[in-house]
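A.B. asks: Let me give you the structure first, and then I'll get to my questions.
Every number here is computed from the coordinates shown, using simple stated rules; none is lab data. Model, not experiment: these values are computed from the prediction. Note: ideal-geometry Cβ built from the backbone for every residue, glycine included; neighbour counts use all protein chains shown.
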Amino acid sequence: MIKKIPVLDLKDGQAVSGKSGLRDTYQPLQTVFAPSSNPIEIAQGLKLNGADELYIADLDLIESQGHNINEIKMVNNIIPVMLDAGVKNFKSFKFFLDYAFKIIVPTETLETVEEIYKIFETYPKQRIAISVDVKDNELYSKKLDLTLNEYKEILKELDPCEIILLDISSVGTEKGYNKKLLEEFKDMKDKLIIAGGLNKDSISELESIGIKKVLVGTSLHSGEITII
């Protein structure tokens with residue numbers, strides 16, 4: 001059975017929702033799991049409904065406009081957190097290990113390829129998740145000057161346990177997964193976590209082709225799909 005990992009985006013101490021990565025337009029999250037957008041309440045509701053892992057993106061950290069790490073640490077005591085805090089390098093990865101179970105290394109914010117090698121040489125793979133961030137079918141990064149295929153070759157060498165394929169353009173749209181992107185990574189299928197715009201039908205389809213994990217936000221919080 002495919003594992004559905006709930007998604008929370010945090011901004012100014014509360015959970016928010018938005019579309020296509022347009023972070024300035026995000027609004028407080030309305031979810032079936034809690035009466036408010038308080039991340040602690042939502043985490044408790046998710047756990048009661050069967051969640052045993054939670055993806056959190058700290059939008060303030062990613063945009064260098066503050067942080068939500070105290071809330072994240074509290075949530076991590078309720079459900080193990082897979083954290084996207086905009087890791088830039090080895091030093092920031094090491095810092096966030098105190099706040100979450102797994103730390104995501106995203107192409108969006110990673111400064112150099114050398115930093116990711118340093119992380120993999122030092123820490124167990126079980127605590128590292130790679131996020132391949134894609135926008136308009138190209139690798140999305142503020143610093144790395146690499147194509148999607150070039151980064152894929154680096155991943156083959158690193159051999160991570162988990163690779164998030166995140167189509168930023170599809171976030172919050174519920175239009176389904178990026179088939180072209182998945183096709184490019186099909187030889188790494190057992191490691192993939194598919195994210196961005198997933199709905200009920202696309203999750204069933206991904207399960208039928210052997211994908212083991214997905215990240216779900218909008219369709220889960222609206223009640224369209226369930227955790228289990």
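A.B. asks: If amide hydrogens are placed 1.01 Å from N in the peptide plane, which non-local residues have theirs closer than 5 Å to the one on ASP9?
C.D. replies: Result for ASP9 returns VAL16, ALA57.
A.B. asks: Also, quick follow-up: How far is the Cα center of segment 79-126 from the Cα center of segment 1-73, in Å?
C.D. replies: About 19 Å separates the Cα centre of segment 79-126 from the one of segment 1-73.
A.B. asks: Once the Cα gyration tensor of segment 1-95 is found, what semi-axes does its equivalent ellipsoid get, as square roots of 5 times the eigenvalues, in whole Å, sorted largest first? Write down the numbers at each step before the final one.
C.D. replies: Numbers: eigenvalues 84, 55, 31 Å².
For segment 1-95, the ellipsoid semi-axes come out as 20, 17, 12 Å.
A.B. asks: Also, I was wondering about something else. Starting with the fewest neighbours, write out PHE120, PHE101, PHE33 ranked by other beta-carbon atoms found within 10 Å of each beta-carbon. The partial results should precede the final answer.
C.D. replies: Details: PHE120 18, PHE101 15, PHE33 22.
Least to most surrounded, the residues fall as PHE101, PHE120, PHE33.
A.B. asks: Right, next: Whole-Hz Karplus ³J(HN,Hα) for segment 37-48, in order, using 6.51 cos²θ - 1.76 cosθ + 1.60 and θ = phi - 60°, x for Gly and Pro?
C.D. replies: In residue order, the calculated couplings are 9, 5, x, 5, 4, 5, 4, 5, x, 5, 5, 4 Hz.
A.B. asks: Per residue of segment 174-188, in order, report the coupling 6.51 cos²θ - 1.76 cosθ + 1.60 (Karplus, θ = phi - 60°) as ³J(HN,Hα) in whole Hz, putting x for Gly and Pro.
C.D. replies: Values, residue by residue: 6, 8, x, 8, 7, 5, 5, 5, 4, 4, 5, 10, 5, 6, 10 Hz.
A.B. asks: Now for a separate question. Against the 2.2 N^0.38 Å scaling, with N counting residues, where does segment 102-155 land? I'd like the Cα-based Rg ratio to two decimal places. All intermediate terms of the calculation are to be shown ahead of the outcome.
C.D. replies: Details: Rg = 10.9 Å, N = 54, 2.2 N^0.38 = 10.0 Å.
For segment 102-155, the normalised Cα radius of gyration comes out at 1.09.
A.B. asks: What are the semi-axes of the equivalent ellipsoid for the chain, taken as the square roots of 5 times the Cα gyration tensor eigenvalues, largest first, in whole Å? If you can, show how the numbers build up before the last one.
C.D. replies: Numbers: eigenvalues 118, 88, 53 Å².
Semi-axes, largest first: 24, 21, 16 Å.
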